[in-house]
1. Output the residues belonging to segment 189-216 that are hydrophobic (A, V, I, L, M, F, W, C) and more than 13 Å from the ligand (Cβ to nearest atom).
2. Could you grab the pairs with beta carbons closer than 9 Å, sequence gap of 6+ or different chains, first residue in segment 156-185 and in contact (Cβ under 8 Å) with a residue 24 or more places away in the chain and within 19 Å of Gly135 (Cβ to Cβ), second one in a loop (DSSP other than H, G, I, E, B) and away from the ligand (no atom under 16 Å from the Cβ)?
3. Just the residues that are in a strand (DSSP E or B) and either at pLDDT below 95 or closer than 20 Å to Pro124 by Cα (or both), please, taken from segment 180-210.
4. Please go through segment 124-140 and give me each residue that is more than 18 Å from Phe100 (Cβ to Cβ) and either touching a strand residue (DSSP E or B) at 6+ places or on another chain (Cβ under 9 Å) or free of Cβ contacts under 8 Å to residues at least 60 places away in the same chain (or both), ordered by number.
5. Restricting attention to segment 96-153, report how many residues are within 14 Å of the ligand (Cβ to nearest atom), assigned to a strand (DSSP E or B) and farther than 20 Å from Ala238 by Cα.
6. Could you look through segment 250-288, keep only residues that are among the aliphatic types (A, V, I, L, M) and closer than 21 Å to Gly156 by Cα, and pick out the one that is surrounded by the fewest Cβ atoms within 10 Å (Cβ to Cβ)?
7. Report, ordered by the first and then the second residue, all pairs with beta carbons closer than 9 Å, sequence separation of six or more or different chains, a first member in segment 242-256 that is assigned to a loop (DSSP other than H, G, I, E, B), and a second member that is of a type in the set (Ser, Thr, Tyr).
8. Could you look through segment 1-50, keep only residues that are within 16 Å of the ligand (Cβ to nearest atom) and in a loop (DSSP other than H, G, I, E, B), and pick out the one that is nearest to Ala264 (Cα to Cα)?
Amino acid sequence: MAIRTAVIPAAGMGTRFLPATKAVPKELMPIFDTPAIQLVMDEAIGAGATRIVIVTSPNKPAIEQYVKPSPEVVKRVRDTGRNELADRLERIGKDVEVVFAMQNEPRGLGHAVSCARDQVGKEPFTLLLPDELMGGPALLQQMVEMCEREKKSVVGLKQVPMSEVSSYGVVTTTATPTSNGEVTVTGVVEKPQPDESPSDLILIGRYVLMPEMFDLLAGLAPAASGEIQLTDALLLGANERNVLGVVSDIARFDTGTPLGWLKAVIEFARQREDVAPALDAWLLSLLK
Ligand code: G1P
């Protein structure tokens, strides 16, 4: 049961990033010089994906433009000596097939995932929310291995300060995690207030889902807002003890708000040897 398909939902309207998102899809906004969606595709590929389903909307043609193979762009990047980046760009559409599923109306994350059903088929798949960036593919690799071993869905989890839980899905789990962070999820609630939150363990936008999750999503009634929440389907799975989790301390950036995005840009730039010295000196001079 090799897990070969990754789903990336990218149909959101980017309201929090207006006016930038009037012309540029949120997923293409650069994290320093590389669009978030490229970083997320690299992570998916690092965890074994050979097929990527991007769920997008007809109003965002630039995403299709970005993933279209362009030997000319790859050559220009290679000519500047950035071979590793050129390799990453080159494999999209060559070693890794990219297909699109359309979400014509904004009806929530659960609905976006459902839109990928035909493209995914009856196989487990990874799901990566491009608002969330990870330090690398290690967590998703571990989750994929766990799903292959246990034949259950697996969610990525992280402990955060209680003041942050209201922006996320929050889980409860059985017992304490194993030494490598593995738990069984017993409950999930979407965006609770801190004083009502059952824990400080949040869903960080990385999932490995069994195909049965599509059936659970199909059976959900929309919330009052008309949205279908992935969290509700996860809760149904958790009730049957069919959802596992990995509690991780991986570096993570939530770029869902302009400030979060700016922090990610600075952190990613500081990891670049060619940029960090000048950037650090400037940051220090700002803070003097
Ligand atoms: C979504 C999910 C939420 C999860 C979060 C991670 O929320 O609904 O459970 O914790 O992504 O970023 P959104 O950020 O789309 O509001």
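1. Answer for segment 189-216, where residues must be hydrophobic (A, V, I, L, M, F, W, C) and more than 13 Å from the ligand (Cβ to nearest atom): Val208, Leu209, Met210, Met213, Phe214, Leu216.
2. Note: pairs meeting the criteria are Leu157/Pro177; Leu157/Gly181; Lys158/Asp249; Gln159/Asp249; Gly181/Asp249.
3. Glu182, Val183, Thr184, Val185, Glu190, Leu203, Ile204, Gly205, Arg206, Tyr207, Val208, Leu209 - these are the residues of segment 180-210 that are in a strand (DSSP E or B) and either at pLDDT below 95 or closer than 20 Å to Pro124 by Cα (or both).
4. Answer for segment 124-140, where residues must be more than 18 Å from Phe100 (Cβ to Cβ) and either touching a strand residue (DSSP E or B) at 6+ places or on another chain (Cβ under 9 Å) or free of Cβ contacts under 8 Å to residues at least 60 places away in the same chain (or both): Pro124, Asp131, Glu132, Leu133, Met134, Gly135, Leu139, Leu140.
5. The qualifying residues number 3.
6. Among those residues, the one meeting the criterion is Ala251.
7. From residues that are assigned to a loop (DSSP other than H, G, I, E, B), the pairs are Asn242/Ser153; Gly256/Ser167.
8. Met29
The values are calculated or read from the model by the stated rules, or taken from the named source; none is laboratory data. Since the model is a prediction, treat every value here as computed from it, not as a measurement. Virtual Cβ from ideal backbone geometry, glycine too; neighbours counted across all protein chains shown.
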